[in-house]
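Working notes, beginning with the structure itself.
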Amino acid sequence: MSDISIPGVTASKYKTDELIKGLMKAERVPRDRADADLTSYKKQQSAWRDVNQLSTKLRDSARSLFSYDNPFSEKNATSTNERAVTATVSREALDQTFRVAISQIAQADSFLSAEIPANGQVAAGTYDFSVGDSKISVSWKGGSFRQFVDALNRRSNGILRASLVKVTDSTQAVLIESLKTGAKERLQFGGDALAFAVQNGIIKKNDSTAVTTDKTSATVAPSSTDAITFSQTARASKGLTLEYEVTVDQKTADEPNTAPEAGPDTGDPGGISYGGISVSNASPEIAMPTIAPPVKSEPITDNNALSLRSSKGVAIPLPAIPDGAGRTTVSVPLAEYGDVNSLVINNRNTDRTVTVENVRLFDPKAAGEYAPVNPVSVAQDAVIKYEGITITRPTNDIEDLVPGVTINLHEPTDKTETISVKPDTEPAKEAIIAMVANYNRVLAEINILTQNKPEIIDEIEYFTPDEKKAEQEKLGMMFGDTTLSGIKASLQRIASNAYTPGDQGKLTMLSQLGISTKSSAGSALESSRMRGYLEIDEKKLDEALKGGIKDVKALFGYDTDGDLIIDAGVGKSLDGAITPYVQTGGIFALRTSGLDTKITATQKKIAQLDTQLADKESELKAKYGQMEGTLNSLQNQSNSISNFSKQNSN
């Protein structure tokens, strides 16, 4: 029995394993063919999905050029002083230029305390803070300044912020700042917070001597002078502000002069009566010279009617009165004018009356009865001149002045700055380049799938080595496919067609933007240019966008029948051509779903063939095993007879 061979366990001296492999190789031919078909179906399905994905990108980029959010409506704002004033614009903003001068920017209260010990403590209590109409209250159980600052920030609700500033190794300072700008958003302390602020040198009692005026208003007729006297000299060191309202009233036109009389009235000449007979004296005839009407002189107009009188008696001019009717509020920081003692109105106008009302002097740093000791900044409104008109706003981002434009203030200006709103061509340029890139990528994929030319892949420079290897496996995979040939022809026709936007634009072809195949340029043609790829002359594109962005917009999408729906143009045509292929249930989806059916059927067929092959191989192994057993048995019998014969011979 030692010579018995078990197939698959011991080596067969009859080489039955090789015989079985040879027989099974022939049996596996249908299975190998089905496996090759399955691999081919999967590669085709992957290729169709790639084409679908690339075509979808092309459709989306083409659609973006004529949709509501198209890039041709983007605007850009530039400023002659970006450091002081900038602007952000929406698509609805009009192309325009306007002038802005910033007198002051909006600020929030920010108060710094005196130096306090680093290991100081904040007593327990109820600490109330308010910023304008907003209030917060913190119930504090006592602790360090760090703990108090953290608790205040947790409860601040976006109203204020506190922080600690290290001054020396043993001292620190508390900074409490409002988070709301504007003159009405003053930071105030209440409850135990008031005593805390006073004790730590954040605020102090407003003990500055109030400077009042002998009157709060004055109306000055043409060619007249008046003055509003201060109760005492307003010192520049006090940092007071003078505020007043000024109005200019134009004198109405004079009534027309009546014709002068011929002479003076000499009265009744009288007469005499006697015996019923009356005799009247004759009126005297006095020749009077003709008097010419007075010549009316030209009116004098002078807007520099207001000034401050210094303590030395010198008149310091105040800002000129703005032209136009209406009342104007003016705030003047007296620190810029030195020590002054009165407001002088010298109305040199001959036909205007100047009225100054609501005159007051105040400390802008003070909030009620208290003023900050070390103010980092004080709450104030932004004050600007927009086209010569004084505008006041509580914020530095002014949205309600110019439609579609937000003016962002950063710092005061020394002169009038100009902000220009113009079309932003960069988004449009990028969108057009993206559309062309997606167009070329779709054509490249179709060329690779439908042609068996390795140079098609080699001439595409933007492929990575891995992408080139992957594309080489697709080369010629769908040679002669009519679906791909049809979409390629449609794309090339759309790119070369002429369009007629009518009065909506002067451009009719992509070549006018510098976008073309250039296949007709010169006699020595490059093979890559014959494949339909688009090229961009960037300089020509820039010129077209700057010369008329509305014309470029109309080329990619315009309304032909006035129903406010885009129905023609390059972008619209590309969208219409590609959508039937890439939409849900479209042509590409049908091709991939058809391959799904083939893949499923082939996988089932392979499973059946695998079962049949396994059964066949088992059957062959059993048969050849029996054959080997029989042969071994016969061999053993032959050996026994041979041995028996040898023994008899001996």
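If you take every residue apart from S573 with its C-beta less than 12 Å away from the C-beta of S573, what net charge results, scoring Lys and Arg +1 and Asp and Glu -1?
Values: positive: R59, R63, R493, K572; negative: D567, D575.
That sum, taken over residues with Cβ under 12 Å, equals +2.
Filter the cross-link list K205/K365; K57/K598; K25/K605 down to pairs whose alpha-carbon distance in this structure exceeds 20 Å.
K57/K598
Angle, helix 145-154 long axis vs. longest principal axis of the chain, Cα atoms, 0 to 90°, nearest 10?
80 degrees
What FRET efficiency comes out for T395 versus E535 if R0 is 56 angstrom and r is the Cβ-Cβ distance? Round to the nearest 0.05.
Working: r = 50 Å, r/R0 = 0.88.
The formula returns an efficiency of 0.70 here.
Using only helices, what value at 222 nm comes out for the chain when you add -39,500 (n - 2.57) per DSSP H run of length 4 or more and divide by the total residues, to the nearest 500 deg cm²/dmol?
Working: 12 runs with 214 residues, N = 650.
It lands at -11000 deg cm²/dmol.
Could you give the angle, 0 to 90 degrees to the nearest 10, between helix 16-27's Cα long axis and the longest principal axis of the Cα atoms of the chain?
With both axes taken from Cα atoms, the answer is about 50 degrees.
Give, in nm to one decimal, the length gained when the segment between Q603 and E18 is fully stretched (0.36 nm per residue of separation minus the Cα-Cα distance).
Working: separation 585, 0.36 × 585 = 210.60 nm, distance 2.87 nm.
Between Q603 and E18, full extension yields an extra 207.7 nm.
Nearest 10 degrees, 0 to 90: what angle lies between the long axis of helix 465-474 and the longest principal axis of the chain (Cα atoms)?
It is inclined by approximately 60 degrees.
When the chain is fully extended, how far beyond the present Cα-Cα distance does D563 get from L613, taking 0.36 nm per residue of separation?
Between D563 and L613, full extension yields 11.2 nm more.
Of the options I419, Q188, Y439, report the single residue whose Cα projects farthest towards the positive end of the charge dipole of the chain (beta-carbon charges: Lys, Arg +1; Asp, Glu -1).
My answer, from the dipole projection, is Y439.
Taking 0.36 nm per residue of sequence separation and subtracting the Cα-Cα distance, how much length would be gained by fully extending the chain between T212 and L634, in nm to one decimal?
Taking 0.36 nm per residue and subtracting the Cα distance, the gain is 137.9 nm.
Within the stretch 399-483, which trypsin sites (Lys or Arg not before Pro) sit in a loop by DSSP and count at most 11 neighbouring Cβ atoms inside 10 Å? Don't skip to the end; give the middle numbers.
On the way: sites: K415, K429, R441, K468, K469, K474; in loops: K415.
Answer in residue order: K415.
I need D596, D60 ordered by Cβ neighbour count within 10 Å, fewest first.
Listed from fewest to most nearby Cβ atoms, that is D596, D60.
Computed from the coordinates by the stated procedures, all read-outs in this text should not be read as laboratory data. Predicted model, so just to flag it, every value in this text is computed and none were measured. As a convention, Cβ positions derive from the backbone with ideal geometry for all residues, glycine included, and neighbour counts pool all protein chains shown.
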